[in-house]
Amino acid sequence: MRRSLNFAVLLAMLAAVCGCGPKEVQYYRVDNGKIMLGDVPQYFIGTNMWYAVKLGGGDETQKTRLRSELDSLHAIGVNNLRILAAEPEWEGLDYTLDELQKRGMSAVLFMNNAW
C-alpha cells in the first residue's frame, strides 16, 4: 500500500514539474523500430547519473555542481539521464527535474539500484 501511494505521489509530482495535465501528456512509442514522440523521431544519448538527486537536494555548492555537470553533459550531446528517485529525496528530485527541463533533457527514473 505504501509503495503504491509513493508511486502515485511521484507521478503527480512529475506531472506538476512538466506543467502538463493528463490531457497533454505525450508518450514515447516505437514505430517501425524508431522511438517516436508524437510524429517526431527521438534520438537519445544517455548516461547514468544516479547521484543527481542527491546533488539537487544538497546545499548550494552541491546544486552548483549539479548545474555544472548538466551543462557539461548537455554540451557534448547527452540528453537523457538515468537517475535514482529515492523516497526521502523528493525535494532533490524536483530540483533535478527542473534543471533537466531547462536544458531540454529527460530522465529515466529508477527506484532501486538492484542491478
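The values are calculated or read from the model by the stated rules, or taken from the named source; none is laboratory data. Values in this document were obtained by computation on a predicted structure and should not be read as measured data. Backbone-built Cβ (ideal geometry, glycine too); neighbour counts: all protein chains shown. Protein only, heavy atoms only, side chains kept; ligands, DNA and RNA dropped before computing areas. Shrake-Rupley method; radii C 1.70, N 1.55, O 1.52, S 1.80 Å.
Accessible area per residue was computed with a 1.4 Å probe on protein heavy atoms; residue 95 scores about 50 Å².
Hey, any idea what % of the stretch 44-115's accessible area is carbon plus sulfur with a 1.4 Å probe? Write out the running numbers ahead of the final one.
Working: 2130 of 4030 Å².
Answer for the stretch 44-115: carbon and sulfur cover 53 percent of the accessible area.
Placing dummy labels 7 Å off each Cα toward the beta-carbon, the span from residue 59 to residue 91 is 1.4 nm. Normalising by residue count, the stretch 63-113 has a Cα convex hull of 73 Å³ per residue. The label point for residue 47 and the one for residue 27, both projected 7 Å from the Cα toward the Cβ, are 3.2 nm apart. If you take every residue apart from residue 64 with its C-beta less than 13 Å away from the C-beta of residue 64, what net charge results, scoring Lys and Arg +1 and Asp and Glu -1? It works out to a net charge of -2.
What is the gain in length, in nm to one decimal, between residue 69 and residue 35 on full extension, counting 0.36 nm per residue of separation less the C-alpha to C-alpha distance?
Values: separation 34, 0.36 × 34 = 12.24 nm, distance 2.64 nm.
Full-extension gain reported as 9.6 nm.
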